[in-house]
Every structure is written in C-alpha cells, then in structure tokens.
Amino acid sequence: MSTLIFVVFVAVFLVTALLLTATRAGASKELKETLDRLDAVSITAKDVALDEAAIIKREELLSDIPWLDRLLRRIDFFGRVRLLLHQGNVGWTAGTLLFASLGCAALGGAATYVRTHVILLSLLMAVLAGAIPWLYVLRKRSSRFAAFEEMLPEALDLMVSALRAGHGLTAAMGIVGREMGDPIASEFRQCFEEQNFGLELRTAMLNLSERVPIQDVRIIVVAVLVQKESGGNLAEILEKVAMVIRERFRLKRQVRVHTAQGRLTGWVLACLPPAFGLGLYFARPDYIRALWTTPLGLKMLYTGIILTVIGVFVIRKIVRVRV
C-alpha cells in the first residue's frame, strides 16, 4: 500500500513537470512573435510608438501556460507573488513557483509517508518541503535588497554630482542606471524609463518604493516629493540623506557584532535537533522509530518541533535590532 502511494505521488509530480515543460516549450507562438517585435521596438525606436510598446510589455505573464495565466490573473494574491519574484530577480513566473512548490510538497510528503506511515507527519513534511521554493525566493529578495542598500550611498553621490553639473533629477537617475551595476542600476533605469514614457515623477518614485520597500528608499522618495512641492536644494538634500545612510550602515555593523552570539545560538537551536535525530536514525533506527510509531512518541515529536520553532522565533526577535 505504501509503495502504491509513493508511486502515485511520484507520478503526479512527473506529470506536472512534463506538463509544465511541454506547455512552456509550445507556448503561444504568436505571443513570442509579439514580444520579439516589442523588443525590437524598445531597442530601435525612440518615438511615440515606444510608449505603447512599453505599456503592453509591462503586462507580464503570471505563467507561460495560457490557461493557467488567465486563472492566476483572477487571484489578487498572485499579483503580489509576481512583485515578489521581481524583487528577488529570480526569473520565474508565478506559475513556475506554484509548480515548484507543489512538486516539492509531493516529494517531501511521499518520502516521509513511505518511511514513517504517519499521515499527519507526512502532511507536515509536505508543507515544509513546499515552502522551500518560497524560502529560496525570499532569500534572493533579501540578498538583493542588501546589495541595493550597500550601493545606495554611492548612487546618491553620483546623482548629487549630476545635479550640481546642471542635469535634472530624471537625467541624474538615468546616469545611475547607466553607470552603476545591478541591482540598483536596473531599478533606477526602470524609474528613468517610466518618466520618459510619460509617467509623473510622483508615480515613478512611488513605483520605485513599491519595488524596493526598504526604509532608505522611502526616505529618498519622501525627500524628492517634498522638494518638488516646496522647493529647495535637491542636491544638498540627497547629500545629507547619503550621509545619514552611511551612518546607519556603520551603526548596523556594530549591532551585528554585538548580536553575533545570539544569532549563533538561534542557529544551533534550529539545527541541533534535526541533526541529532538524523544521526540517531542512521545509527539506531529501532531506537528513534518509537517517535513516530507510538502515540507518546508522536506527542513528544510534535511538542519538540513546536517548541523548537518558538525558541528560534523568540531568539530572532531578541537579536533583531532595527537601526
């Protein structure tokens, strides 16, 4: 019976993967030709037609599978997922993330059930395995935001120099998009292009703060919008903002040094129980099997998992100091 269930899970996963691959390979030839034409227009044309092409192209797909794309567009949640994928610069669609999550959940749940024959534990492992693609995207997002923050003071210095040389704010953002590297170049370049396509400065800056929702970007957006309404020396404002950001980085590094021991404790608490259980499983499988074959063992297992998760979150809350 367990072998049959395992085969069913694996078959579902393989069919899903094959369906995704086949549909992506044969996805709408007409759509591909349209996107190719829009790419050509974006590169070669600098006239009014560029505005229309850019607007069409920004309606990004939620999935390469046409029927799934139409289905996901009806759910607001996947619009936020698309933004999350853009922030992580993963290169996936929302449909790809959905399939990856379902595939990991199926494999994790099936493998656990084959070894333990405990439905509740298998469901728990399926949920944890299904979260792996999401955690990967969130990790990429955090890394990209950290790199963005590191480059932000230098970008502001470049904008200040451009403003003092006589360039406007939009042109200064375009210089950052051309001269600096990613991730900051791509975001400022998109903000520059949006203004060239006809969006107001306020809308373009708010879009930037939505794509990069970090505190320093919000400060810059507020400073620019307030200066636009009330006037003032924008170069001097941005120079002071850059100085504040550098001071925050210095203080943040000091905080990380002082909280290093607490963060290490959290990692030990999170990794030690699974590592110890895995070692016992290979060294004394009969000894540890009681955790999922007896009612008392299951209670102890679930209690241990819950307390470990609570402990990790408590330590994370203690050592996470906002600067």
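Coordinate-derived values only; no laboratory data. Because the structure is a prediction, the values reported are computed rather than measured. Reconstructed Cβ throughout: ideal geometry from the backbone, glycine too, with neighbour counts over all protein chains shown.
Fully extending the segment from TRP67 to GLU236, taken as 0.36 nm per residue of separation minus the present Cα-Cα distance, adds 55.6 nm. Take the Cα of LEU123, step 7 Å toward its Cβ, do the same at ALA290, and the gap between the two points is 2.7 nm. For region 146-244, the average shadow cast by the Cα convex hull is 5.6 nm², which is a quarter of the hull's surface. Distance between the modelled labels on VAL314 and THR259, one decimal in nanometres: 1.8 nm (7 Å Cα→Cβ projection).
Annotation: the residues VAL217, VAL257, sorted from fewest to most other C-beta atoms within 10 Å of their own C-beta, follow the order VAL257, VAL217. Computed from label points 7 Å out along Cα-Cβ, the spacing between GLU229 and GLU154 is 3.4 nm. With a sphere of radius 15 Å drawn around the Cβ of GLY297, what net charge do the other residues whose Cβ falls strictly inside it have (Lys, Arg +1; Asp, Glu -1)? Here the charged neighbours net out to +3.
Taking other residues whose beta carbon is less than 11 angstrom from the beta carbon of VAL212, and scoring Lys, Arg as +1 and Asp, Glu as -1, yields 0.
The distance linking region 220-285 with region 62-90 is 28 Å (Cα centroid to Cα centroid, whole angstrom). Computed from backbone phi with θ = phi - 60° and the Karplus coefficients 6.51, -1.76 and 1.60, the 3J(HN,Hα) list for region 275-288 is 5, 5, x, 5, x, 5, 4, 7, 7, 9, x, 5, 6, 8 Hz; x is used for glycine and proline. Counting every other Cβ atom within 10 Å of each residue's Cβ, TYR113, TYR136 order from fewest to most as TYR136, TYR113. With 0.36 nm allotted per residue and the present C-alpha distance subtracted, the ASN207-TYR302 stretch has 29.8 nm of extension available.
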